[in-house]
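Step one of this worksheet: look at the structure below.
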Amino acid sequence: MNQENMKILLTGLKKLDVKFDIVEPCALIAFHDYVQAGNRDMNLTAITDEEEFVVKHLLDSASAIPYIGQGAKVLDIGTGAGFPAVPLAVLRSDISVTALDATEKKVEFVKSAIAALRLSNIEAVCGRAEEMTELFGKFDVVTARAVASLPVLLELAAPMLKVGGEFIAYKSGESELDSAKNAMSVLKMQHAATHALDIEGNSRALIVFKKTASTPAGYPRRYSAIKNSPL
């Protein structure tokens, strides 16, 4: 990574109020290199420009760091190539991260990246969120950058959380909140905060929901029902 993009990474982390030592940005750069190398053999990301990768993958993933509690157990749904799961694990050695994706090849890639970076606080798991009953009620925080509507994401995330836990949705703004009101009501999820961010000129929002009670029986539904008839 050239010096200018390294400067963008370091400056961006400081603007996001992410504390780090020099080892951690170096690990993020190594992850960038690993993803780009893997991209030659599989479709991991459409972003190949180095500066764009820093801003839209590394800094965007890191933006949730200040809003994750000390020692939290975190689940990342639809992690893909490992975003935001791997940057979160790199920058917060105190948390434990589970990176979940339904595509086996991507999970195997994330596992290899974890091994290459020698990260001990993250694991990658293959499976569909709505079917992973062994994970229900286990997490303090759930994250998702997946391209899905808030009602869909809420139904996948809510069962994974402990009561009092929080779901952090990476979005471009609050435009989907109105459409998620019924999902929030049914799933016992409350809109707790929205953190509007400017990440090197890119407008982003972290929409935070708190789980106020146990997820009602019958949820989550099969994915076909979640997708075709969102709450």
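Worth pointing out:
- Reach of residue 73 by Cα under 16 Å, taken over aspartates and glutamates that are not fewer than 8 positions away in the same chain: 94, 123, 134, 140, 166
- Over 32 Å (Cα to Cα) - which of 7/227; 105/181; 14/227; 111/171; 19/181 fall in this group: 7/227; 105/181; 14/227; 19/181
- Distance between the stretch 93-120 and the stretch 172-198 - C-alpha centres, whole angstrom: 28 Å
- Basic side chains Lys and Arg get +1 at the Cβ, acidic Asp and Glu get -1 at the Cβ, and with that the dipole of the chain about its Cα centre reaches some 700 debye.
- Mean residue ellipticity at 222 nm, helices only, the chain: -9500 deg cm²/dmol; runs of at least 4 DSSP H residues each add -39,500 (n - 2.57), and the sum is divided by the number of residues.
- Under 5 Å between amide hydrogens, built in the peptide plane, is the criterion, and for residue 122 it picks out 97 among residues at least 5 positions away or on other chains.
- Overall, the stretch 85-204 carries a charge dipole of about 160 debye about its Cα centre when +1 sits on the Cβ of Lys and Arg and -1 on the Cβ of Asp and Glu, all other atoms neutral.
- The three principal axes of the C-alpha atoms in the stretch 152-231 carry coordinate ranges of 42, 28, 19 Å, sorted with the longest axis first.
- Centre separation in Å (Cα based) which lies between the stretch 23-83 and the stretch 205-226: 25 Å
- Rg in Å to one decimal, and Dmax rounded to a whole Å, for the stretch 24-85 via C-alpha atoms: 12.4, 37
- Here the stretch 91-156 is assigned +1 on the Cβ of each Lys and Arg and -1 on the Cβ of each Asp and Glu. Its dipole about the Cα centre then comes out at about 300 debye.
- Principal axes of the chain: Cα extent on each, largest first, Å: 51, 33, 31
- Farthest toward the positive end of the dipole of the chain, out of 116, 59, 173, is the Cα of 173, where the dipole comes from beta carbon charges about the Cα centre.
- Under a 5 Å amide H cut-off, with hydrogens placed 1.01 Å from N, residue 142 pairs with 75, 166, 167, 168 among residues at least 5 apart or on other chains.
- Cβ-based net charge around residue 21, under 13 Å, with every Lys or Arg adding one and every Asp or Glu removing one: +2
Any read-out appearing in this document is the output of simple, stated calculations on the displayed coordinates, not a laboratory observation. Computed from a predicted structure; not experimentally measured. Quick reminder, even Gly has a Cβ in these numbers, built from the backbone with ideal geometry, and neighbours come from all protein chains shown.
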